[in-house]
1. Consider only pairs whose beta carbons are under 6 Å apart and that are at least six residues apart or on different chains; among these, list those whose first residue lies in the stretch 428-457 and is closer than 18 Å to TYR386 by Cβ and whose second residue is open to solvent by 70 Å² or more (accessible area, probe 1.4 Å).
2. Find all pairs meeting these conditions: Cβ atoms under 6 angstrom apart; at least six residues apart or on different chains; first residue within the stretch 269-287 and over 20 Å from GLU320 (Cβ atoms); second residue open to solvent by 30 Å² or more (accessible area, probe 1.4 Å) and away from ligand 1 (no atom under 12 Å from the Cβ).
3. State the number of residues belonging to the stretch 160-188 that are more than 30 Å from ASN393 (Cβ to Cβ) and among the basic types (Lys, Arg).
4. Among ALA247, ALA265, which is in the same structural domain as ASP64 (by TED's automatic domain parsing), open to solvent by 60 Å² or more (accessible area, probe 1.4 Å) and in a helix (DSSP H, G or I)?
5. Exactly one condition in (1) aliphatic (A, V, I, L, M); (2) buried (at least 21 other Cβ atoms within 10 Å of the Cβ); (3) touching a residue at least 40 places away in the same chain (Cβ under 8 Å); (4) not in a strand (DSSP E or B) is false for LEU506; which is it?
6. Please verify whether the stretch 396-414 includes one or more residues that are modelled with pLDDT under 95, in contact with a helix residue (DSSP H, G or I) (Cβ under 7 Å, 6 or more places away or on another chain) and more than 16 Å from ligand 2 (Cβ to nearest atom).
7. Tell me yes or no: at least one residue of the stretch 44-56 is closer than 25 Å to GLU468 by Cβ and within 16 Å of ligand 1 (Cβ to nearest atom).
Amino acid sequence: MQQPWWKDSVIYQIYPRSFMDSNGDGIGDLPGIISRLDYIQQLGVDVVWLSPIYKSPNDDMGYDISDYRDIMDEFGTLADWEALRDGLHQRGIKLVMDLVVNHTSDAHPWFRESRKSRDNPYRDFYIWRPGRDGREPNNWRSFFGGSAWEYDELTGEYYLHLFSRRQPDLNWENPQVRREIYDMMRWWLDRGVNGFRMDVITMISKVEGLPDAPVVTDEPYQWGGDYFIHGPRMMEFLQEMRAEVLAHYDALTIGEAVAATPAHAIELTDREHGPLDMLIHFEHMALDHDPGGPAGYGWRPWNLAELKEVTTRWQEALAERGWNSQYFSNHDQPRQVSRFGDDGRYRVESAKLLGTFLHMLHGTPFIYQGEEIGMTNVAFDSIDAYRDIETINHYRLMLEDGVSPEEAMALVHKRSRDNARTPMQWDASPHGGFTTGNPWIGVNPNYREINVEQALTDPNSIFYYYRELIRLRKENPVIIDGRYKLTLADPPEIYAFTRTLGDDRLLVILNFSSNQPVFNLPEEVPAEEGELLIANYAVEEGVDFREFPLRPWEARVYRLAPPG
Ligand code: TEU
Ligand code: CA
């Protein structure tokens, strides 16, 4: 069977608001992206995924859409979008758009109608319920804190919003809603979009009756995921979407899938029957979350044994059926080098190690803007410097829970989504060259050292290392299709695995620490010779790869020659 084009692709995510500002209003925009297309091409990626650029009041920075068929004023016009599409396609790069259809903005005309009266023709586009004993219809918690229901005085009922109260959930049970969405998808596909990243797509079907979630904390609202994630009609809706829309286009579909297990992923992305092509799962993103922490926003240190366990389980389960994405970063997550690497002394080494890990796994790698130059978390002094609704709400909830402002800020520094949303650092000029005006969110003060211009002049930069990783994927089918196997190497700081395709075998050795543990080739991996494919330190020729001390955050990939 012919490989679909996206299996050996690398995807680059752009968060338009923070990528490049072309007109000095402090907000990134489409002409700004166009001005940096050569840079993206130089990296060698195949696909660009744009976070939402549609009309939006920006309560959740574009994930609250008020018009699916037009561009946000601050970002530009449809003509700019066409120029961006053409600029990408001329460079051989495909364009994936964010599709946010679990909810709209409350400013969407559908919702404005829906709210008007109980018998408005659009009433059923959303999920309205009467209150229960003067309270919300159930005890579900919103992802951004507080109840998932908002009371609307005009008609005396509540509407469901799994995210902000300005993001009412669409009612997928209504066939008219589904038809509107499919029409809109065709509208974009007919304009040359190459695929969709589908926002919280596994939440579109809610369990009938919307039952209360079990009470497991002493917070007023509870996690109701069991009643709206992978709900009873989710597969049916997605199969319908596939038959009605996707089957008629060569489009890549990436499903964002909170709480997905490998079994869900196989069902959703099976090549023959699955409605989607790949998933964004979250298991590794939970490794440093402490669910018992304040306001559901707790943090704990992650550990390598757990990362190995999660990764290995997913790699093994999806070895033959289904397909996966590989990521540590996106616009919702702290910067990977600060979170899983070392953003101090070994920033460059650890950023390269994390890149090696992601690019040497089975699955499609995602690079989030700035990752390729090793951008780090930020730590603004005051909550007033933060823009993200999730961050701001949780800060307030933590204080209400009695957490001290210092402790709450420490958690914000660890977990805030704004860590990923500070502007792209282009050069050492004011505001990192992102804007000539006042940026909508502060630039990370380390832009003078960490920026694109610096990376492009340094042949040992993270940027060039990433470019090499991407090139290796193109040239070595074993990286795309090889079977993953964890090698049982001690000591515990080392993560080593092999990838095997026929006679071709790669050995990936990663030291996830600033220590210098000794690597010993395990007996189960017999090999006489190893040819170095890539490494993040200079490696002398002729040294025995079967036993050697690793340097801090050292990463090496060898091609093994079989014995005899
Ligand atoms: O995110 C889905 C989601 O569940 C997030 O709340 C995520 O778990 C959290 O941000 C991690 O801290 C998607 C989008 O990627 C996100 O930006 C949106 O806010 C959200 O959907 C609502 O559209
Ligand atoms: Ca602008």
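1. Partner pairs satisfying both residue conditions: ILE441/ARG387.
2. LEU287/TRP302; LEU287/GLU306
3. Adding up the residues that qualify gives 3.
4. Sole residue among the options that is in the same structural domain as ASP64 (by TED's automatic domain parsing), open to solvent by 60 Å² or more (accessible area, probe 1.4 Å) and in a helix (DSSP H, G or I): ALA247.
5. Unmet for LEU506, out of (1) aliphatic (A, V, I, L, M); (2) buried (at least 21 other Cβ atoms within 10 Å of the Cβ); (3) touching a residue at least 40 places away in the same chain (Cβ under 8 Å); (4) not in a strand (DSSP E or B): (4).
6. Within the stretch 396-414 (the criterion being modelled with pLDDT under 95, in contact with a helix residue (DSSP H, G or I) (Cβ under 7 Å, 6 or more places away or on another chain) and more than 16 Å from ligand 2 (Cβ to nearest atom)), the answer is yes, since at least one residue qualifies.
7. For the stretch 44-56, residues closer than 25 Å to GLU468 by Cβ and within 16 Å of ligand 1 (Cβ to nearest atom): present.
Yes or no, residue by residue, for (1) touching a strand residue (DSSP E or B) at 6+ places or on another chain (Cβ under 8 Å); (2) open to solvent by less than 60 Å² (accessible area, probe 1.4 Å):
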residue	(1), (2)
ALA455	no, yes
GLU475	no, no
GLY482	yes, yes
PRO492	no, no
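The values are calculated or read from the model by the stated rules, or taken from the named source; none is laboratory data. Every value quoted in this text rests on a predicted model; they were computed, and no experiment measured them. Every residue, glycine among them, receives a Cβ derived from its backbone with ideal geometry; neighbour counts consider all protein chains shown. Protein only, heavy atoms only, side chains kept; ligands, DNA and RNA dropped before computing areas. Shrake-Rupley method; radii C 1.70, N 1.55, O 1.52, S 1.80 Å.
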